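Report on the following structure.
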Amino acid sequence: MTQDSELDVLVRTRIRGLRTAAGWSLDELAARCYLSPSTLSRIETGHRRISLDQLSAIARALGTTLDQLVEAPGDDDVVIRPHYDATRGVTTWLLSDTPGVAVAKMRLTRPEAQCTAEELKVHPGKDWFTVLSGTVVLRLGERTVVVEAGQAAQFSTMVPHSFGVRGGPAEILGIFDHDGQRTHLWPGTGGPAA
């Protein structure tokens with residue numbers, strides 16, 4: 001079986017799976033995407049080639065995108081690989097990259113003493129994080145806030161800020177808006193927002 005035919009089978013399986021998950025019969029989906037039920041049946045069973053205009057109409061009716069329907073299988077949608085930034089002492093696992101917001105698990109190793117006033121960042125928005133393990137020292141302008149495991153912090157990112165750790169590495173789960181994602185997750189890494 002060629003890679004193209006494997007993808008073809010996967011697309012047809014996705015269409016059928018999304019249709020049945022929605023609880024729709026062939027007739028119901030066919031009406032929603034302006035195809036005949038027999039055409040849709042032949043598409044799902046592989047007895048008819050799918051044209052781009054048909055695939056687009058089917059995706060729209062199913063509430064998905066063409067990209068999601070034809071996405072090649074791989075392990076990138078399953079395995080979240082860490083990115084290590086030695087300069088900042090941060091390892092990042094990007095858990096969700098929904099437009100406008102990012103969720104990331106981060107392992108911080110840079111001691112609080114290495115966080116200088118010159119490194120304080122400012123950007124629009126708010127940041128939120130919870131400490132999973134260890135102790136995070138959050139510098140907010142002239143203030144130093146200690147956030148321990150089980151605690152969370154939320155602050156305006158218009159206040160100059162930086163992070164460090166006390167007593168060894170710490171792990172956090174953070175939610176960042178678009179500006180926070182660009183500032184905290186990708187500076188100097190060559191990642192998507194760089």
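Residue by residue, here is whether (1) of a type in the set (Asp, Glu); (2) loosely packed, with under 11 Cβ neighbours inside 10 Å; (3) modelled with pLDDT of 90 or more; (4) out of contact with any Phe, Trp or Tyr (no Cβ under 6 Å at 6 or more places or on another chain) holds:
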residue: Leu26; (1), (2), (3), (4): no, no, yes, yes
residue: Ala31; (1), (2), (3), (4): no, no, yes, yes
residue: Arg42; (1), (2), (3), (4): no, no, yes, yes
residue: Thr45; (1), (2), (3), (4): no, yes, yes, yes
residue: Ile50; (1), (2), (3), (4): no, no, no, yes
residue: Thr64; (1), (2), (3), (4): no, no, no, yes
residue: Gly74; (1), (2), (3), (4): no, yes, no, yes
residue: Asp77; (1), (2), (3), (4): yes, yes, no, yes
residue: Leu95; (1), (2), (3), (4): no, no, no, yes
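From the list Met106, Met158, the one residue that fits, being within 21 Å of Ile175 (Cβ to Cβ), at pLDDT 90 or above and loosely packed, with under 12 Cβ neighbours inside 10 Å, is Met158.
When the residues of segment 109-135 are filtered to those that are at pLDDT below 90 and in a loop (DSSP other than H, G, I, E, B), the one that is surrounded by the fewest Cβ atoms within 10 Å (Cβ to Cβ) is Thr116. Among the residues of segment 79-91, the ones that are among the small types (Gly, Ala, Ser) and surrounded by 13 or more Cβ atoms within 10 Å (Cβ to Cβ) come to 1 in all.
Can you tell me which of (1) surrounded by fewer than 19 Cβ atoms within 10 Å (Cβ to Cβ); (2) under 24 Å from the mean Cα position of the chain (by Cα); (3) of a type outside the set (Asp, Glu) is the one Leu140 doesn't meet? Among (1) surrounded by fewer than 19 Cβ atoms within 10 Å (Cβ to Cβ); (2) under 24 Å from the mean Cα position of the chain (by Cα); (3) of a type outside the set (Asp, Glu), the lone unmet condition for Leu140 is (2).
The values are calculated or read from the model by the stated rules, or taken from the named source; none is laboratory data. This structure is a prediction, so every number in the text was calculated from the model and none was measured. Note that we place each Cβ from the backbone using ideal geometry, even for glycine, and neighbour counts take in every protein chain shown.
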